[in-house]
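Data block below; observations after.
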Amino acid sequence: MKPGQKIVKLCNNMVEEVGERAGLSRPVKRFLAQVVLGMTKSGSVRLSEIGRAGEQQHLKTVENRLSYHLNSPQWEDESLREAHLLWAASTIRISQDTVLFFDISDIAKKYARAMEYLANIYDHDEKHPAKGYWELNVEAINEKGREQRVLWEEIYSQLEPDFTGQNDRFFKAVRRVMKEGFLGWLARRGERSPS
């Protein structure tokens, strides 16, 4: 099997398993597989770039279809995050050598003006205050770095109505990941607190 075909097969298997666990419909799983492959091929999250990397249909048709699916009521962040965690935990060997990395970082949205809950953050790349969101990542690294999985990823804003604090978000992720049997060391890297 060629490397490109192997990546396509791995992406499709991952999307199928996560989609089943999250209870997604077949069209939404197909859409998710196309987006994951399109992002992998293009290296971009823009719908136009994802469309160019994928199907050989008219670009406007592909963009409209992708936009339609992004507005689907089936997108429930919590159930997708949970399904992804269960899939990732089932694909990595958990041992005493498994290290968990918790990373709180920022996503600056330099040109955004009307995005939902756009908040004040500190852009650590540009070294100045900016508008954007916070990102919490949890990764598991096993056996001298041979296996690595993103277990949890969450983007949030301190302006969300249910936001109770960055520590609450952090410890919620810690408690949820630990339920899957991860007992390795905890490491916080790049910790940043909301402005």
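From the list ASN12, ASN64, the lone residue that is within 22 Å of GLN148 (Cα to Cα), in a helix (DSSP H, G or I) and not aliphatic (A, V, I, L, M) is ASN12. Flag: LYS60 does not match the condition of being without any contact (Cβ under 8 Å) to a residue 24 or more places away in the chain and surrounded by 13 or more Cβ atoms within 10 Å (Cβ to Cβ).
Yes/no matrix, rows are residues, columns are (1) under 20 Å from the mean Cα position of the chain (by Cα); (2) over 25 Å from GLU139 (Cα atoms):
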| residue | (1), (2) |
| --- | --- |
| LYS9 | yes, no |
| ALA33 | yes, no |
| GLU49 | yes, yes |
| GLY54 | no, yes |
| ARG65 | no, yes |
| SER72 | yes, yes |
| SER79 | yes, no |
| GLU82 | yes, no |
| PHE102 | yes, no |
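Of the strands (runs of 3 or more DSSP E) that lie entirely inside segment 117-162, those containing 2 or more residues that are at pLDDT below 90, closer than 24 Å to ARG81 by Cβ and out of contact with any Lys or Arg (no Cβ under 6 Å at 6 or more places or on another chain) span 128-142, 147-156.
The number of residues in segment 70-108 being of a type in the set (Ser, Thr, Tyr) and closer than 11 Å to PHE182 by Cα comes to 2. The listed residues are GLU78, GLU55, and the only one of them that is assigned to a loop (DSSP other than H, G, I, E, B), charged (D, E, K, R) and at pLDDT below 85 turns out to be GLU55.
Rundown of residues vs (1) in contact with a Ser or Thr (Cβ under 7 Å, 6 or more places away or on another chain); (2) exposed (fewer than 11 other Cβ atoms within 10 Å of the Cβ); (3) not hydroxyl-bearing (Ser, Thr, Tyr), yes/no style:
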residue: GLU78; (1), (2), (3): no, yes, yes
residue: LEU100; (1), (2), (3): no, no, yes
residue: SER105; (1), (2), (3): no, no, no
residue: LYS110; (1), (2), (3): no, yes, yes
residue: ALA130; (1), (2), (3): no, no, yes
residue: SER157; (1), (2), (3): no, no, no
residue: GLN166; (1), (2), (3): yes, no, yes
residue: ARG169; (1), (2), (3): no, no, yes
residue: VAL174; (1), (2), (3): no, no, yes
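For GLU191, the conditions (1) farther than 21 Å from ARG93 by Cβ; (2) modelled with pLDDT of 80 or more; (3) among the acidic types (Asp, Glu) are fulfilled apart from (2).
Among residues that are outside the structural domain of TRP152 (by TED's automatic domain parsing) and either at pLDDT below 80 or over 30 Å from ARG175 (Cα atoms) (or both), ARG93 is not included. What residue, among those in segment 1-45 that are within 13 Å of HIS69 (Cβ to Cβ) and among the polar types (S, T, N, Q), is surrounded by the fewest Cβ atoms within 10 Å (Cβ to Cβ)? The extreme case among them is SER25.
Quick check: is even one residue across segment 67-74 part of a helix (DSSP H, G or I) and either touching a strand residue (DSSP E or B) at 6+ places or on another chain (Cβ under 6 Å) or surrounded by 15 or more Cβ atoms within 10 Å (Cβ to Cβ) (or both)? Outline the logic, then answer.
Kept after step one, since they are part of a helix (DSSP H, G or I), are these residues of segment 67-74: 67-70.
Subsequent filtering for residues that are either touching a strand residue (DSSP E or B) at 6+ places or on another chain (Cβ under 6 Å) or surrounded by 15 or more Cβ atoms within 10 Å (Cβ to Cβ) (or both) retains 69.
Yes.
The values are calculated or read from the model by the stated rules, or taken from the named source; none is laboratory data. Keep in mind it's a predicted model, so treat the numbers as computed, not measured. All Cβ positions, glycine included, derive from the backbone under ideal geometry; neighbour counts span all protein chains shown.
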